[in-house]
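Heads up, the thing below is written out as structure tokens.
The values are calculated or read from the model by the stated rules, or taken from the named source; none is laboratory data. These numbers come from a predicted model, not from an experiment. Counting neighbours? That spans all protein chains shown, and the Cβs are built from the backbone with ideal geometry, glycine included. Heads up: the accessible areas ignore ligands, DNA and RNA and are worked out on the full protein's heavy atoms, side chains in. Shrake-Rupley method; radii C 1.70, N 1.55, O 1.52, S 1.80 Å.
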Amino acid sequence: MPSPVPAATQPGLTQPVGPLAERDGRIVPQAAPPAVLDHLPIGGMAFIALFGVLLASFPARNLDLWQHLAEGRSLISGNGSFSPTWLYDVLSYGVFSLGGTWLVALKALLIGAVGVLMLVLARPRSHAGIAIAVTSLALLSMGSRLMLQPATFSLVFLALVLWQLLRDEREPRPQVNYWPDWWLALVFLVWANVDLRFVLGLGVVALTWLGQGFDRGARSDRGGFALRRMAAFALLVAVCCLSPSHVNGLRLPPELYSAAASLHDTSGQVQSVNSPFDRDYLRLFQESPAALAFYPLMVLGLLSFLVNRREWRWSRFLPFLGLGVVAALQVRLVPFFALVAGPIMARNLQEYFTAQDDTKPLRPLWRRLLQGLSVVLAIAFLIALWPGWLQGPPFERRRWAVETPTTLKQGAEFLQSAQQQNRWSDRSQTLHVSPDAVGAFAWFYPNDRVTRDGQILELLLDPEQTERAREQLRKLEINRVVVHAGDPSGASLTLLDRFLTEPQEWPVLHLAGGVLVFGWRDPARAPGDDPFVGWEVNLDQLAFRP
């Protein structure tokens, strides 16, 4: 094939005809596709942007937020260490310093921008309504997982990656550069320092490029194409290793490990629901349209490939299938599937209905009726979204706020007060059972010496290992344990039952809501040496207070 010929303007034409390509042994102009924005209604873009903003406009209550804020504060002050999410931590703390409202507002605006980009990637042509409807469904399926977490901000990076992968889908394009644009490498460089879920983006790139190789068929340059793609992918992997995690970051997302643990668990100790196909999923989320939107998105996406068999593309089907399997294993990764499935399904359906229009065009009257119905449905969706009816209970109006965990804050203030009163030595440590409580205590009481030793927790959970647990407590100088009853793992409730039945060894020092601080009386202490005398919570007084 001859070298690419630049775009030219034919005599008598005032507009460029686009790049030239080889067709049947002749050099002919390749018609440039019309601009997407020329076919995209402004009202549709405004609806999708507003829909995305409202979906993400709810108060931040996830407790891991405080861990990220604490680590960001430590890094800026020069006392912290670099974690896999260090860039997210620093940026979150910087925005939070301006006010918690700004942090939630930033998340909401970014989700609105992701929705608009999904609509543009849907490549609306003669059926813009289909693109808007499919994008709305994909956005809605994200609505149950748009918390203030690194995973939510990863959606922005995946949208940018998808933009690069889908914008050059037309074939043949002899001038296509098979090395990734440098800005794509920059996206992965930043993403790898924000969230470990960048491996999902690498997976989408690999599956898309593999599908493009299948779509090329038996072309003579297929081998060279594969080598260039492999080299480009190796470059992206190398860029992703430029992070604190280095090669260790190239692991499966942590959500998939919990899903695998639930598949192999036969004791029933795993408390959380991992798969949308779990028996308890419908029971728990039957009142949440956002949580149930995954099912029509998956089914309609598969049907779009069946009806559009004439325009079948492996470069679309493989990433759709890959992320579909991931979402089926772990419901917390459904937003990543929705982001990819939305534009792909919209393209399939638009191509199918465009071919149908050539044989059975839709009458103008029916077209106007459908447009009117779409406007009514859009308004109804926005009205239902404002009080939160599309995202399930507890229903609440849209607002930007970060809610402080009051009971955890009170527990941290109690430990701080005890430290100031010299209740224990500076070398002693606090053992946390719940990882969420660690983050909140780190934010509200950063000077506390904290440990969360998994080995000690396993020993404490086993009554037969009591002596070994006591040895470890003495070795690490642990004299207090924080138990958060809201811990979803179930370990907190197990230890809570045990500690409350052994008040002589585990006195309750603080009780507020579901947060308890237990002291540890070492049975091997000297007689009369009781550091907690007169300091225990009188449970009888709490039960029978006036």
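Points worth noting:
- Lone unmet requirement of (1) in a helix (DSSP H, G or I); (2) at pLDDT 90 or above; (3) surrounded by 15 or more Cβ atoms within 10 Å (Cβ to Cβ) for A234: (3)
- Output for region 188-212, where each listed residue is farther than 25 Å from L87 by Cα, among the small types (G, A, S) and open to solvent by less than 10 Å² (accessible area, probe 1.4 Å): G211
- Residue satisfying all of: in region 65-81; open to solvent by 40 Å² or more (accessible area, probe 1.4 Å) and within 21 Å of the chain's Cα centre (by Cα); farthest from E403 (Cα to Cα) among these: E71
- Looking only at region 293-305, and only at residues there that are within 14 Å of A338 (Cα to Cα) and of a type in the set (A, V, I, L, M), the one that is surrounded by the fewest Cβ atoms within 10 Å (Cβ to Cβ): V299
- Pair list, Cβ under 9 Å, 6 or more apart: region 73-88 residue touching a residue at least 60 places away in the same chain (Cβ under 8 Å) and within 23 Å of C240 (Cα to Cα), other residue in a helix (DSSP H, G or I) and open to solvent by 40 Å² or more (accessible area, probe 1.4 Å): S83/E71; P84/N248; T85/E71; W86/E71; L87/V190
- Contacts under 7 angstrom Cβ, first residue in region 455-473 being closer than 13 Å to L495 by Cα, partner of a type in the set (S, T, N, Q), 6 or more apart: I456/Q472; L459/Q465; L459/Q472; L461/T494
- Scan of region 306-320 for residues that are touching a helix residue (DSSP H, G or I) at 6+ places or on another chain (Cβ under 8 Å) and not aromatic (F, W, Y), ordered by number: V307, N308, R310, E311, R313, S315, R316, L318, P319
- Cβ-Cβ under 9 Å pairs, at least 6 apart or on other chains, region 531-544 side under 27 Å from S425 (Cβ atoms) and in contact (Cβ under 8 Å) with a residue 60 or more places away in the chain, far side among the aromatic types (F, W, Y) and surrounded by 12 or more Cβ atoms within 10 Å (Cβ to Cβ): P531/W424
- Unique match (being surrounded by 16 or more Cβ atoms within 10 Å (Cβ to Cβ) and part of a helix (DSSP H, G or I)) among Q455, Q472: Q472
- In region 325-343, of all residues being β-branched (V, I, T) and either buried (at least 24 other Cβ atoms within 10 Å of the Cβ) or within 11 Å of the chain's Cα centre (by Cα) (or both), the one that is modelled with the lowest pLDDT corresponds to V331.
- Within region 412-432, tally of residues that are at pLDDT below 90, over 19 Å from D522 (Cβ atoms) and surrounded by 13 or more Cβ atoms within 10 Å (Cβ to Cβ): 1
- Within region 280-299, the only residue that satisfies the criterion of being assigned to a loop (DSSP other than H, G, I, E, B) and under 24 Å from R316 (Cα atoms) is A293.
- Checking each residue in region 103-154 for being over 21 Å from Y295 (Cβ atoms) and in a loop (DSSP other than H, G, I, E, B) picks out R123, P124, R125, S126, H127, M147, L148, Q149.
- Subset of region 469-511 that is aliphatic (A, V, I, L, M) and touching a Gly at 6+ places or on another chain (Cβ under 6 Å) - its residue that is nearest to G439 (Cα to Cα): A485
- Look at region 39-58: where a residue is in contact (Cβ under 8 Å) with a residue 24 or more places away in the chain and aromatic (F, W, Y) and a partner is open to solvent by 50 Å² or more (accessible area, probe 1.4 Å) and in a helix (DSSP H, G or I), sitting 6+ places away or on another chain with Cβ atoms under 8 Å, you get F51/F381.
- For region 306-324, taking the residues that are of a type in the set (K, R) and surrounded by fewer than 20 Cβ atoms within 10 Å (Cβ to Cβ), the one that is farthest from the chain's Cα centre (by Cα) is identified as R310.
The rows are residues; the columns are (1) acidic (D, E); (2) within 28 Å of L63 (Cβ to Cβ); (3) in contact with a helix residue (DSSP H, G or I) (Cβ under 7 Å, 6 or more places away or on another chain).
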{"site": "Q472", "(1), (2), (3)": "no, yes, yes"}
{"site": "I478", "(1), (2), (3)": "no, yes, no"}
{"site": "V483", "(1), (2), (3)": "no, yes, yes"}
{"site": "G490", "(1), (2), (3)": "no, yes, no"}
{"site": "E502", "(1), (2), (3)": "yes, yes, no"}
{"site": "H510", "(1), (2), (3)": "no, yes, yes"}
{"site": "G513", "(1), (2), (3)": "no, yes, yes"}
{"site": "F518", "(1), (2), (3)": "no, yes, yes"}
{"site": "L539", "(1), (2), (3)": "no, yes, no"}
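- Candidate set from region 140-187 (those that are under 17 Å from the mean Cα position of the chain (by Cα) and open to solvent by 40 Å² or more (accessible area, probe 1.4 Å)); member that is modelled with the lowest pLDDT: S144
- Any hit, region 100-121, residues being open to solvent by 40 Å² or more (accessible area, probe 1.4 Å) and more than 22 Å from M142 (Cα to Cα): no
- I383 aliphatic (A, V, I, L, M), in a helix (DSSP H, G or I) and open to solvent by 60 Å² or more (accessible area, probe 1.4 Å): yes
- Complete set of residues in region 272-292 that are charged (D, E, K, R) and open to solvent by less than 80 Å² (accessible area, probe 1.4 Å): D278, D280
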